[in-house]
């Protein structure tokens, strides 16, 4: 099984008792090694990394043996992995299907925002229903567009940083088209694509409010 798993990655957003979900990814390497990454969506965009070894526990089950913490078992189901409970049993109930980890070799669980060489954009965000897009150039300009609406470009007047929680707030010059952009580093899952981003984004335009996900350019 080691030859089949080496170099492969699996992931999913699994249930969480005190957050909106755990963005969990699991990568296998040579010599029966693994690395997992967990982000607690709605609490923090910090990624917790665990490393260790794994071993087979029967024809269709493997056991993860982290260097720190408790072991965890997974069951092979049709080329994917099902996370089992602490006793090695399948989890039942209406959330049972969310414990499935799917192959992410060709489509990463985490949403990545890439730079466009022709622009100086630092941050991008988007939202659904209504669909909207946001671009921030921290040196000068905010561009905001709602589908079926006009694109709005405003000059940044002030940037406020919350040192305790890490939130950033961008304010435009006050006028009829003023914007208030709040970036919260608590993780965010796009409810259409299922991709997970580092920031939850709130946009206020006059009396209208928009919610979405975003991240800094990588």
- [ ] Quickly run through the stretch 201-217 and pick out the residues that are assigned to a strand (DSSP E or B) and in contact (Cβ under 8 Å) with a residue 40 or more places away in the chain.
- [x] 201, 203, 205, 210, 211, 212, 213, 214, 215, 216
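Can you find, within the stretch 18-32, the residue that is surrounded by the most Cβ atoms within 10 Å (Cβ to Cβ) among those that are in a strand (DSSP E or B) and in contact with a strand residue (DSSP E or B) (Cβ under 6 Å, 6 or more places away or on another chain)?
Among them, the one singled out is 23.
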Task: Pairs with Cβ under 6 Å, 6+ apart, first in the stretch 75-94 and within 20 Å of residue 27 (Cα to Cα), second assigned to a loop (DSSP other than H, G, I, E, B) and modelled with pLDDT under 90 - done: 75/60; 76/60
Task: Out of 44, 60, 38, sole residue that is at pLDDT 90 or above and either outside the structural domain of residue 91 (by TED's automatic domain parsing) or touching a strand residue (DSSP E or B) at 6+ places or on another chain (Cβ under 9 Å) (or both) - done: 38
TODO: Looking only at the stretch 35-51, decide whether some residue is touching a residue at least 12 places away in the same chain (Cβ under 8 Å) and touching a helix residue (DSSP H, G or I) at 6+ places or on another chain (Cβ under 8 Å).
DONE: no
- [ ] Under 8 Å between Cβ atoms, at least 6 apart or on separate chains: pull out the pairs that start in the stretch 119-132 with a residue that is modelled with pLDDT under 95 and end on any residue that is outside any strand (DSSP E or B) and surrounded by 21 or more Cβ atoms within 10 Å (Cβ to Cβ).
- [x] none
TODO: Taking residue 98 as meeting all but one of (1) more than 23 Å from residue 29 (Cα to Cα); (2) touching a helix residue (DSSP H, G or I) at 6+ places or on another chain (Cβ under 9 Å), write down the number of the exception.
DONE: (2)
Open item on the list: Quick test for you: out of 172, 163, 140, 193, pick the one residue that is over 27 Å from the mean Cα position of the chain (by Cα) and surrounded by fewer than 17 Cβ atoms within 10 Å (Cβ to Cβ).
Closed with: 140
- [ ] Only residues that are under 24 Å from the mean Cα position of the chain (by Cα) and under 12 Å from residue 100 (Cα atoms): list them for the stretch 62-84, please.
- [x] 74, 79, 80, 81, 82, 83, 84
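The values are calculated or read from the model by the stated rules, or taken from the named source; none is laboratory data. Computed from a predicted structure; not experimentally measured. So basically every Cβ, Gly included, is an ideal-geometry build from the backbone, and we count neighbours across all protein chains shown.
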